[in-house]
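See structure below.
The values are calculated or read from the model by the stated rules, or taken from the named source; none is laboratory data. Nothing here was measured: the structure is a model prediction, and the numbers come from that model. All Cβ positions, glycine included, derive from the backbone under ideal geometry; neighbour counts span all protein chains shown.
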Amino acid sequence: MPNVLEQESMLVRMQADLQRSLAKPPAERKWVMVIDLRKCVGCSACTVGCVAENHLPPGVVYRPVIDQEIGTFPNVRRRFMPRPCMQCDVPPCVQVCPVGATWKRSDGIVEIDYEQCIGCRYCITACPYSARTFDTGRYYEDGTPVVSDYEKLPAYEYGKEWPRGNGQSPVGNARKCQFCVHRLDVGMLPMCVTTCIGQANYFGDANDPDSIVASLIASPGAIRLKEEMGTEPSVYYLV
């Protein structure tokens with residue numbers, strides 16, 4: 001397990017990788033995430049950080065952590081698997097959207113146009129990773145005498161504020177992880193990467209041969225979920 005200084009230097013190096021890639025045209029970048037399952041302790045700090053960063057309402061979770069039991073009794077152990085959107089190169093959610101509200105950016109991130117989304121939920125059904133949720137407009141304080149002003153604050157995604165209430169987007173829309181593009185665009189790493197207590201999350205440009213993620217995805221222990229489906233996910237796991 002790396003010590004505190006090693007963790008800090010890894011974040012600093014990923015930040016340097018990010019700045020180097022942002023100097024390139026978007027079409028020359030390929031954002032990927034690598035999650036080291038050997039380091040994940042299931043603390044859900046990434047989940048909580050994501051909820052706070054994106055001001056997510058009840059029922060909308062971009063980064064759940066799946067608790068798995070591995071092995072056969074009595075030789076069993078627990079494994080924790082964070083599951084963000086896979087940002088597929090061949091995303092089924094894009095193909096089924098009847099209004100083109102879900103689309104793929106040139107840097108590999110799958111984005112949702114909240115103003116275009118009609119809430120049909122076809123994309124939720126099509127996603128083989130269950131990475132999409134639906135915003136029903138609820139508040140954590142529903143059922144209490146007063147819903148606080150904090151609950152009613154706008155969500156901030158894709159570099160824009162999205163008001164809540166009165167049926168305004170993203171209420172009534174499909175939502176998902178977008179690698180914190182509002183942070184990336186200003187030179188910051190995704191929130192889940194910076195909040196991980198075990199430094200299990202890595203982020204960067206796979207097209208940069210000098211980046212941390214480029215070396216990690218080339219390692220023998222790197223896998224992707226459901227590769228047989230041909231979705232070409234941009235999230236890798238180290239097992």
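The table below gives the values:
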| quantity | calculated |
| --- | --- |
| Qualifying residue in the stretch 128-148 (condition: assigned to a helix (DSSP H, G or I), modelled with pLDDT of 95 or more and surrounded by 14 or more Cβ atoms within 10 Å (Cβ to Cβ)) | no |
| Among residues of the stretch 160-200, those that are assigned to a loop (DSSP other than H, G, I, E, B), among the charged types (D, E, K, R) and touching a Lys or Arg at 6+ places or on another chain (Cβ under 8 Å), counted | 1 |
| Candidates Q168, Q199, Q116 - the one that is over 28 Å from Q95 (Cβ atoms) and of a type in the set (S, T, N, Q) | Q199 |
| Total residues in the stretch 199-237, condition surrounded by 18 or more Cβ atoms within 10 Å (Cβ to Cβ) and either within 17 Å of the chain's Cα centre (by Cα) or small (G, A, S) (or both) | 17 |
| Strands (runs of 3 or more DSSP E) completely within the stretch 1-108 that count 3 or more residues being touching a residue at least 24 places away in the same chain (Cβ under 8 Å) and not aliphatic (A, V, I, L, M) | 75-82 |
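Conditions tested, residue by residue: (1) closer than 23 Å to V186 by Cα; (2) aromatic (F, W, Y); (3) at pLDDT below 95.
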position: S9; (1), (2), (3): yes, no, yes
position: V32; (1), (2), (3): yes, no, no
position: D36; (1), (2), (3): no, no, no
position: G49; (1), (2), (3): yes, no, no
position: P57; (1), (2), (3): no, no, yes
position: P64; (1), (2), (3): no, no, no
position: T72; (1), (2), (3): no, no, yes
position: R77; (1), (2), (3): no, no, yes
